[in-house]
Amino acid sequence: MMWPAHAAPGLVVAPDASIGPGVLFGANVTVHEGTVVGEGSSIGDNAVLGKRPVLSARSTSAGEVGRLMLGREVRISAGAVLSAGSELGDDCVVGDLATVRERVAVGDGVVIGRGVCIENDVEIGAWTTIQTNAYITAGTVLEEHVFIAPGVVTTNDNLMGRTERRHALKRGPTVRRGARVGGAVVLLPGIDVGEEAFIGAGAVVIADVPARAVVVGVPARVLREVPADELLDAEA
């Protein structure tokens, strides 16, 4: 059951938070300072909005953190945690127990599935879908209309925490417009997945993927080209 702000049991809203008209809250929601929740949005039970980052002394993700901003008609499900300093466009959906870290930019109509973890400093284009339990590492770019299947893992550090020179080399993958990434795929640091590419389930991608290529295997290899009738702009 959802309640308007004045009736939601256990709701805690910071005095300087901005709640648009028609927003509905579940039970025990926490809205931290400065958070903006757009008109017509719904926030599920036990969700946390605008959480400030808690970093270790060795963290490489430090930086300025502003306020969390949610667009119109955003739906946040139960137990989701959205950090301060990120922005979600209109009509986004965030699934149960999902996490969105600081300085994440999310376009309109994005779907973030159950248990998805999106780390800091990520860009997600409009109408992209990220399915259950995917891990999107810091510094990743997902362009518009990208499809990320369940259990996908992205990485950003070839040196896995060793040596100081790794800081200048860290970079998440870039997945271009309309690309599709199959279940349990692993994308290595800094690779570029071309526009409309298709990565088969279970692949380990260690090099750039050409636009419209179908790649499969460990390590991933080009199998063929995506058929014309599967492209985003294909004629019906």
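Of the residues R171, R177, R162, which single one is over 19 Å from the mean Cα position of the chain (by Cα), assigned to a loop (DSSP other than H, G, I, E, B) and of a type in the set (D, E, K, R)?
Working: R171 fails: over 19 Å from the mean Cα position of the chain (by Cα); R177 fails: over 19 Å from the mean Cα position of the chain (by Cα).
Of R171, R177, R162, the one residue that is over 19 Å from the mean Cα position of the chain (by Cα), assigned to a loop (DSSP other than H, G, I, E, B) and of a type in the set (D, E, K, R) is R162.
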Open item on the list: Can you find, within the stretch 122-173, the residue that is farthest from I206 (Cα to Cα) among those that are in contact (Cβ under 8 Å) with a residue 60 or more places away in the chain and in contact with an Asp or Glu (Cβ under 7 Å, 6 or more places away or on another chain)?
Closed with: A138
- [ ] From A149, A80, A134, grab the single residue that is modelled with pLDDT of 95 or more, more than 30 Å from D233 (Cβ to Cβ) and surrounded by 18 or more Cβ atoms within 10 Å (Cβ to Cβ).
- [x] A80
Task: Conditions (1) touching a Leu at 6+ places or on another chain (Cβ under 7 Å); (2) on the phi > 0 side of the Ramachandran plot; (3) surrounded by fewer than 16 Cβ atoms within 10 Å (Cβ to Cβ): number failed by G217 - done: (1)
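Among the residues of the stretch 175-186, count how many are in contact with a Gly (Cβ under 8 Å, 6 or more places away or on another chain) and either under 19 Å from E119 (Cβ atoms) or among the hydrophobic types (A, V, I, L, M, F, W, C) (or both). Can you show your working first?
From the stretch 175-186, those in contact with a Gly (Cβ under 8 Å, 6 or more places away or on another chain) are 176-177, 179, 182-185; that's our starting set.
Those left that are additionally either under 19 Å from E119 (Cβ atoms) or among the hydrophobic types (A, V, I, L, M, F, W, C) (or both): 179, 184-185.
Looking only at that region, the number is 3.
Residue-by-condition table, conditions (1) outside the structural domain of A47 (by TED's automatic domain parsing); (2) in contact with a Pro (Cβ under 9 Å, 6 or more places away or on another chain); (3) under 30 Å from A47 (Cα atoms); (4) of a type in the set (S, T, N, Q):
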position: G109; (1), (2), (3), (4): yes, no, yes, no
position: T129; (1), (2), (3), (4): yes, no, yes, yes
position: Y135; (1), (2), (3), (4): yes, no, yes, no
position: T140; (1), (2), (3), (4): yes, yes, yes, yes
position: V152; (1), (2), (3), (4): yes, no, yes, no
position: R176; (1), (2), (3), (4): yes, no, no, no
position: V186; (1), (2), (3), (4): yes, no, yes, no
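Let's see how each residue does on (1) in contact with a helix residue (DSSP H, G or I) (Cβ under 8 Å, 6 or more places away or on another chain); (2) touching a residue at least 24 places away in the same chain (Cβ under 8 Å); (3) surrounded by 19 or more Cβ atoms within 10 Å (Cβ to Cβ); (4) not assigned by TED's automatic domain parsing to the domain that holds N133:
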| position | (1), (2), (3), (4) |
| --- | --- |
| V13 | yes, no, yes, yes |
| G20 | no, yes, no, yes |
| V37 | no, yes, yes, yes |
| N46 | no, yes, no, yes |
| G95 | no, yes, yes, yes |
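The values are calculated or read from the model by the stated rules, or taken from the named source; none is laboratory data. Since the structure is predicted, the reported quantities are computational estimates derived from the model, not experimental observations. All Cβ positions, glycine included, derive from the backbone under ideal geometry; neighbour counts span all protein chains shown.
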